[in-house]
Amino acid sequence: HLEYHNHAIDGALERGDWDAALHHCQLLQHYTAEEPLELTDFLIARGRVLAQAGQGLREEGVRRQLLAVRAQGQGWGLRPWLPALDAALSRV
């Protein structure tokens, strides 16, 4: 479940299917609700903020969320998940 929803989120983001990305974020959050995992929480937050940025939201709150999620990923050494955040930051 964890890997499936992670890939589904990334695939939806790559296709620009923001609703599907948010749907898989919700499903992943529901699946881990009883036993949250820090990495999963990061992936959910990343998916949600990238979907918001992809939908064209240019609010300062979205930029702050992108920066916070990016800083967390950078701090944890999660380099594969950073380029999409960098790209979104350049557009926001």
Restricting the stretch 60-92 to residues that are over 14 Å from the mean Cα position of the chain (by Cα) and not in a helix (DSSP H, G or I), which is modelled with the lowest pLDDT?
-> V92
Scan the stretch 62-76 and give yes if some residue there is in contact with a helix residue (DSSP H, G or I) (Cβ under 9 Å, 6 or more places away or on another chain), in contact (Cβ under 8 Å) with a residue 40 or more places away in the chain and among the aliphatic types (A, V, I, L, M), otherwise no.
-> no
If you go through the stretch 12-59, how many residues are part of a helix (DSSP H, G or I) and either in contact (Cβ under 8 Å) with a residue 60 or more places away in the chain or open to solvent by 20 Å² or more (accessible area, probe 1.4 Å) (or both)?
-> 21
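The values are calculated or read from the model by the stated rules, or taken from the named source; none is laboratory data. Note that the coordinates shown come from a computational prediction; the quantities given were computed from them, not determined experimentally. With ideal geometry, Cβ positions are generated from the backbone for all residues, glycine too; neighbour counts draw on all protein chains shown. Calculation scope for accessible area: heavy atoms of the full protein, side chains included, ligands and nucleic acids excluded. Shrake-Rupley method; radii C 1.70, N 1.55, O 1.52, S 1.80 Å.
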